[in-house]
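Colleague: Below you will find the structure I want to go over with you.
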Amino acid sequence: MIPMTHYLILGAVLFAIGVFGVLTRRNAIGILIAIEIMLGAVNLNLVAFSRFVETSTLNGQVFAVFVMTVAAGEAAVGLALILALYRSMRAVFADRFNILKW
Amino acid sequence: MSGTELLVAPLVFKILALLTVIFAVMAVALRNVFHCALAMAAMFILLSCVFVLMDADFLAVVQVLIYVGAIVVLVIFAIVLTEKISSETIRQTNQLVIPGFLICAALFVGALYVIRGAGWPSDVPAVQHDTIKLIGTQLLSTHLEAFEVASVLLLAALVGAVFLGKEINKK
């Protein structure tokens, strides 16, 4: 029997790795990959709650389905945005997208 | 739950967790973005194995379908449609490596403190659900509004992606 805290700690590790990726990557596609890792960590936590805390209704798993829906939409729109930016600026690096600055 | 399962399940979990973390680190730290996308695919397959350990079989299958089948393919399409992103001379990280590492280490320590401090229920016996049937019933009864809003969201994402991805005709 694996205690619930092990799953939560795995989720926390994955989320921290995702935050690190978002903070340090220059490539916008790499940032998107890190965001997907963070959403996966959240899903892991939700499934753990549905397995150990709210066992009768599976609400956590239903919520994880919604998180996956949002993740899929976010990936589609985000990658389309990156392609549009690449087309107009010839770059995919987040620190090059600074034309709105002074 | 049989005796061998009691012995084997924690070992399986430890191996899966270790591999998941290794692939996640590869997905955020490798220089070549294409390798990052492949490491992300491996990470999500391993994460779905962890879901199986928690009796979430439907979600494990959906995870592989959506993340590995759709999102990784999208990411790889975006990588091959943009160019000169993986050459050796281009820096892949910004100046925030050390502060970023400190921030996410602090985040992890804080989360660990909360997880350790909260009194989670221990030794909850596994309830054998017919997960597909129960999730389907929940989606179409209790969470019907959210289900409908999700369909509108997906439609908006579809239209938005097509609009943004379309080549705009310049005069």
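Bear in mind these aren't lab numbers, they're just calculated from the coordinates by the rules spelled out. Given the structure is predicted, the values throughout are model-derived calculations rather than measurements. Using ideal geometry, Cβ is built from the backbone for each residue, glycine included, and neighbour counts are taken over all protein chains shown.
Colleague: Calculate the translational D of the protein assembly as shown in whole µm² s⁻¹ from Stokes-Einstein, where the hydrodynamic radius comes from the Kirkwood formula applied to all Cα pairs, the temperature is 37 °C and the viscosity 0.692 mPa s.
Modeller: Values: Rh = 19.8 Å.
D = 165 µm²/s.
Colleague: Calculate the mean, over all residues of peptide A:31-40, of how many other protein chain Cβ atoms lie within 10 angstrom of the residue's Cβ. Numbers along the way, then the final one.
Modeller: Details: counts 1, 7, 13, 5, 0, 9, 11, 1, 2, 9.
For this peptide, the per-residue mean of nearby foreign Cβ atoms is 6.
Colleague: Through the Karplus equation 6.51 cos²θ - 1.76 cosθ + 1.60, θ set to phi - 60°, convert the phi angles of region B:117-128 into ³J(HN,Hα) values in whole Hz; use x for Gly and Pro.
Modeller: In residue order, the calculated couplings are x, 6, x, 6, x, 10, 6, 7, x, 5, 8, 7 Hz.
Colleague: I've got another one for you. Whose amide H sits under 5 Å from the amide H of A:ASN27, counting only residues 5 or more places off or on another chain, with H placed in the peptide plane?
Modeller: A:ALA94
Colleague: Let me ask something additional. Please state the relative contact order of chain A as a whole percent: Cα pairs under 8 Å, 6+ residues apart? Show your work: numbers first, answer last.
Modeller: Working: 85 pairs, mean separation 27.2, N = 102.
Taking the mean separation of contacting Cα pairs over the length of chain A, I get 27 percent.
Colleague: Subtract the Cα-Cα distance of B:HIS35 and B:LEU102 from 0.36 nm times their separation in residues, and report this length gain in nm to one decimal. Numbers along the way, then the final one.
Modeller: On the way: separation 67, 0.36 × 67 = 24.12 nm, distance 2.53 nm.
Extra length from B:HIS35 to B:LEU102 when fully extended: 21.6 nm.
Colleague: Here is a further query. As I understand it, the value is the acute angle between the Cα axis of helix A:28-52 and the longest principal axis of the Cα atoms of chain A; what does it come to in degrees, rounded to 10?
Modeller: Tilt relative to chain A: about 10 degrees.
Colleague: Would you tell me the mean number of C-beta atoms belonging to other protein chains that fall within 10 Å of each C-beta in B:151-159, as a whole number? Working shown, then result.
Modeller: On the way: counts 1, 0, 6, 5, 1, 2, 10, 3, 1.
The per-residue average across the peptide is 3.
Colleague: Can I ask one more? According to a simple spin-label model (label point 7 Å from Cα along Cα-to-Cβ), what is the distance in nm between B:ILE132 and A:SER88?
Modeller: Modelled inter-label distance: 4.5 nm.
Colleague: Further, regarding this structure: Can you classify chain A as rounded, prolate or oblate using the Cα gyration tensor, where a ≥ b ≥ c are the square roots of its eigenvalues, rounded means a/c under 1.5, and otherwise it's prolate if a/b beats b/c and oblate if not?
Modeller: Values: a/c = 4.23, a/b = 2.21, b/c = 1.91.
Because a/c hits 1.5 or more and a/b exceeds b/c, chain A counts as prolate.
Colleague: Quick one: compute the contact order of chain B, relative version, from alpha carbon pairs under 8 angstrom and 6+ residues apart, as a percent.
Modeller: 16
Colleague: So what is the 222 nm mean residue ellipticity for the protein assembly as shown from helices alone, if each DSSP H run of at least 4 adds -39500 (n - 2.57) and you divide by all residues, rounding to the nearest 500 deg cm²/dmol? Don't skip to the end; give the middle numbers.
Modeller: Values: 10 runs with 195 residues, N = 273.
Estimated from H runs of four or more residues: -24500 deg cm²/dmol.
Colleague: If one takes the longest principal axis of the Cα atoms in chain B, at what angle in degrees, from 0 to 90 and to the nearest 10, does the Cα axis of helix B:3-29 lie?
Modeller: Roughly 20 degrees, rounded to the nearest 10.
Colleague: While we're looking at this one, here's another question. Which of rounded, prolate or oblate describes region B:1-76 when judged by the alpha-carbon gyration tensor and an a/c cut-off of 1.5? Present the calculation step by step, with values, prior to reporting the outcome.
Modeller: Numbers: a/c = 5.01, a/b = 1.69, b/c = 2.96.
The shape class here is oblate.
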